[in-house]
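The values are calculated or read from the model by the stated rules, or taken from the named source; none is laboratory data. Keep in mind that what you see is a predicted model, and the values were worked out from it rather than measured. Glycine gets a Cβ as well: all are built from the backbone with ideal geometry, and neighbour counts include every protein chain shown. Ligands, DNA and RNA are stripped out before the accessible areas are found, and what is left, the full protein with its side chains, is counted by its heavy atoms. Shrake-Rupley method; radii C 1.70, N 1.55, O 1.52, S 1.80 Å.
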Amino acid sequence: MTLYLKYMLMLFKSQMQYRVSFFFLAIGQCLTPFIAFAGIYFLFDKFGQLQGWSFYEVALCFAITHIAFTITECFARGFDSFSSLIVTGDFDRLLVRPRGTVVQVLGSRFEFARIGRLLLSGVVLTWAVSNIGVDWTMLKAIALLLMIASGVVIFTSIFILAASISFWTVQGLEIANIFTDGGREMTQYPLDIYTKRVRQFFTFIIPFACFNYLPLLYILGRKEQELYAFIPLAGFLFLIPCLFLWRVGVRHYRSTGS
């Protein structure tokens, strides 16, 4: 972690060399979630509810997803652009350094301007929590924090999974965006608005439901079992096979010779 923090500090200083540009980029980063949230607002303004879900309940779902995804984009973007290291052969340099490749790739790119998205999502979260009418307990507050942490781990795991595929395909596959950007767009709504097959896939294969939908049922009082508060911990297990595939890819890596 010391090395990781040094990477972070170096890249933060380099990005702050152009502070005005950084400031406007951070403001611009607010537009994407703002437009998405405005779409949700107008949807509920027209129809009132979505399959029994109120506006503030969906707003809470939206905020948790975007906070988790934004943190992931800020601190794990190195894996999203990893295929360029394979194409240019620069991954060879990482292999001869006396540190793990995961930490080096993780620290190769930070996008601190994403703080604009994070602030907007935080405002939505605060607004939703204050208007949702939930009787908050310590366990529900812990469940909310676990949801965000689990979401970060799951999205990071998907980035690692997509990067691992590059060991065999060399170029990154756009299909991975289905589970990153597509996953963000899908999980900003409760999963029960989708078909049964979709819910099953995104519960047992890609565990989006574990960090968002299922614990949200407990927070909103739709499920009384306290076990639902700890379901986000299952999202951490998804990281294990993704790291295993990464290790297999590193072991079978052959330089492109660039």
> Tell me, which helices (runs of 4 or more DSSP H) lie completely within region 184-223 with 1 or more residues that are surrounded by 22 or more Cβ atoms within 10 Å (Cβ to Cβ)?
Replying inline: 208-211, 213-219
> From VAL105, VAL134, VAL170, VAL96, which residue is of a type outside the set (S, T, N, Q), in contact with a Gly (Cβ under 9 Å, 6 or more places away or on another chain) and closer than 27 Å to VAL248 by Cα?
Replying inline: VAL105
> So VAL248 clears everything in (1) over 28 Å from ALA128 (Cα atoms); (2) open to solvent by less than 50 Å² (accessible area, probe 1.4 Å); (3) in contact with a helix residue (DSSP H, G or I) (Cβ under 6 Å, 6 or more places away or on another chain) except one condition, right? Which one?
Replying inline: (3)
> Of the residues that sit in region 38-62 and are part of a helix (DSSP H, G or I) and in contact with a Pro (Cβ under 9 Å, 6 or more places away or on another chain), which one is farthest from ILE132 (Cα to Cα)?
Replying inline: PHE62
>> Given the condition within 21 Å of the chain's Cα centre (by Cα), crowded, with 20+ Cβ neighbours inside 10 Å and among the small types (Gly, Ala, Ser), answer yes or no: does some residue in region 52-64 qualify?
In response: yes
> If we keep just the residues of region 145-164 that are in contact (Cβ under 8 Å) with a residue 12 or more places away in the chain and open to solvent by 20 Å² or more (accessible area, probe 1.4 Å), which is nearest to the chain's Cα centre (by Cα)?
Replying inline: VAL152
